[in-house]
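Here the structure comes first, spelled out in structure tokens, and everything after it is commentary.
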Amino acid sequence: MSQTSQRELGDTDSPIEDALENAFNRMLDEGTQRLHRSWHEVLVTGFFGGTEVAMGVLAYLSVLQATGNQLLAGIAFSIGFLALLLGRSELFTEGFLIPVTTVAAKRAGIGQLAKLWGGTLIANLAGGWLIMWLVMTAYPKLHEKTTTSAEHFVNAPFNAETVALALLGGMVITLMTRMQHGTDSVPGKIAAAVAGAFLLAGLQMFHSILDSLLIFGALTAGDAPFGYLDWLSWFGYTLVLNVVGGLALVTLLRLIRSKDRLKEERRDAESPTAE
């Protein structure tokens, strides 16, 4: 079908379907605001993101301790994603689809993307470490389960399995973001958060922030058979693979799907009359 025919079939004159057009506009509006935050706003929003994910980790550990069921614990972790969604905070791995699309549309620059990613990552880890220290202090009964859960990640060998788990971790969190921005329905957004938590935590995929908080909990408990250098070694490759999974397996495909619409945005941004 020609681009002209597709424009005539929809309610808008967009070269993509109406539903995709609405989602595309939502992403650009949100991405533009997020990428134009000041350093102060980036760090505070990212810090809250780390603390809220840590609440999900507390729920995860509590259910795992009580039931021994990994899948139920994964659903419990959705508390963290729901807090992110409803509290409007920022998680580093949520920063692939929307900010990258915004930069591709020339609504923001690479430097702003680097500020968002770098500031959010550091603030996520700082906020998460603080809350995990409080959790381990408040709930000594969770120490053993936290250490066991953390060892699953930090002591994992670097092989095809761990690479695949980290790629899938980046893909799932970005897919969750895509689903949430594909609808205006709050119940739909909540369902996407629960589904993302079930896959990510319930199936023990490798996630640079979530699993780091488990490791931080074990380290602050004081009886972990590993140290911060072991965490850093694990964190380095997991972070890179999360980024690759989120960008290559979801974001890039979405950009290709909306390439004609992106061309229009870029053309408007380059126009001398553009404001």
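Things to note:
- Some residue of region 247-259 being over 28 Å from Ile122 (Cα atoms), surrounded by 19 or more Cβ atoms within 10 Å (Cβ to Cβ) and touching a residue at least 40 places away in the same chain (Cβ under 8 Å): yes
- Of the helices (runs of 4 or more DSSP H) that lie entirely inside region 1-101, those containing 3 or more residues that are surrounded by fewer than 21 Cβ atoms within 10 Å (Cβ to Cβ) and at pLDDT 95 or above span 39-67, 70-87.
- Ala108 vs. criteria farther than 17 Å from Ser212 by Cβ, under 15 Å from the mean Cα position of the chain (by Cα) and either at pLDDT 95 or above or among the small types (Gly, Ala, Ser) (or both): no
- Selection over region 169-201 of residues that are under 16 Å from Val100 (Cα atoms) and charged (D, E, K, R) gives a count of 1.
- Region 202-246, subset farther than 25 Å from Ala138 by Cβ and of a type in the set (Val, Ile, Thr), residue surrounded by the most Cβ atoms within 10 Å (Cβ to Cβ): Thr238
- Criterion violated by His152 - all others in (1) of a type outside the set (Ser, Thr, Tyr); (2) within 14 Å of the chain's Cα centre (by Cα); (3) within 18 Å of Gly74 (Cβ to Cβ) satisfied: (2)
- The residues in region 132-155 that are closer than 14 Å to Ala218 by Cβ and either at pLDDT below 95 or of a type in the set (A, V, I, L, M, F, W, C) (or both) can be counted, and the count is 8.
The values are calculated or read from the model by the stated rules, or taken from the named source; none is laboratory data. A quick note: this is a predicted structure, and the numbers were derived from the prediction, not measured. A quick note on method: Cβ atoms are made from the backbone with ideal geometry, for glycine too, and the neighbour counts reach across all protein chains shown.
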